[in-house]
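Everything on this sheet refers to the single structure shown next.
No value in this document is a laboratory result; all are computed from the given coordinates. Since we're looking at a predicted model, the values are computed, not measured. Every residue, glycine among them, receives a Cβ derived from its backbone with ideal geometry; neighbour counts consider all protein chains shown.
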Amino acid sequence: MQIIVSNTSPVPMYEQIKVQVRDAVHSGAAAEGSLLPSLRGLAAELRVSVITVTRAYNDLVAEGLVTNEHGRGFVVRAVDTETVSTALAARLERAVAEVVAVGKAARLPVDDITRKVQEQWERH
């Protein structure tokens, strides 16, 4: 799992980390039982403070996606398929809202937007 943060983004760095780890868990890229990168290791790699990574990981613990096991670190927990489906549906809803907003700002007809979505669907 590769995590990338931007220090120019308006989104706090801990939130960027949290979202990317959450997405990896939901997509299966971070499998049940796998270890997340160590706090210090990820902080050094991303050039952020350990506190930033700790906050992201602790939020993921609170969400029930990972657990902090003494002597092992942060471990991905089993995730209920219904929980994943609900989370992915919410993510889709946000993405569609953004597509619509950008499409309207660009003054594109809805048919053009629909065609672009269909093209992407067929590519994947």
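A few notes on this one:
- Net dipole in debye of the chain [+1 Lys, Arg Cβ; -1 Asp, Glu Cβ; about Cα centre; nearest 20]: 380
- Across the range 82-93, coupling constants 3J(HN,Hα) worked out from phi with the 6.51/-1.76/1.60 Karplus curve, θ = phi - 60°, read 5, 5, 5, 4, 5, 5, 5, 5, 5, 5, 4, 4 Hz, and Gly and Pro carry x.
- Local net charge near Leu92, Cβ-Cβ under 14 Å (Lys/Arg +1, Asp/Glu -1): -1
- Förster radius 41 Å - calculated FRET efficiency between Leu108 and Ile4 (Cβ-Cβ, nearest 0.05): 0.90
- Value of Rg/Rh across the range 1-95 [Cα atoms, Kirkwood radius]: 0.96
- When shorter helices are ignored and each DSSP H run of at least 4 residues is given -39500 (n - 2.57), the per-residue value for the chain at 222 nm works out to -20000 deg cm²/dmol.
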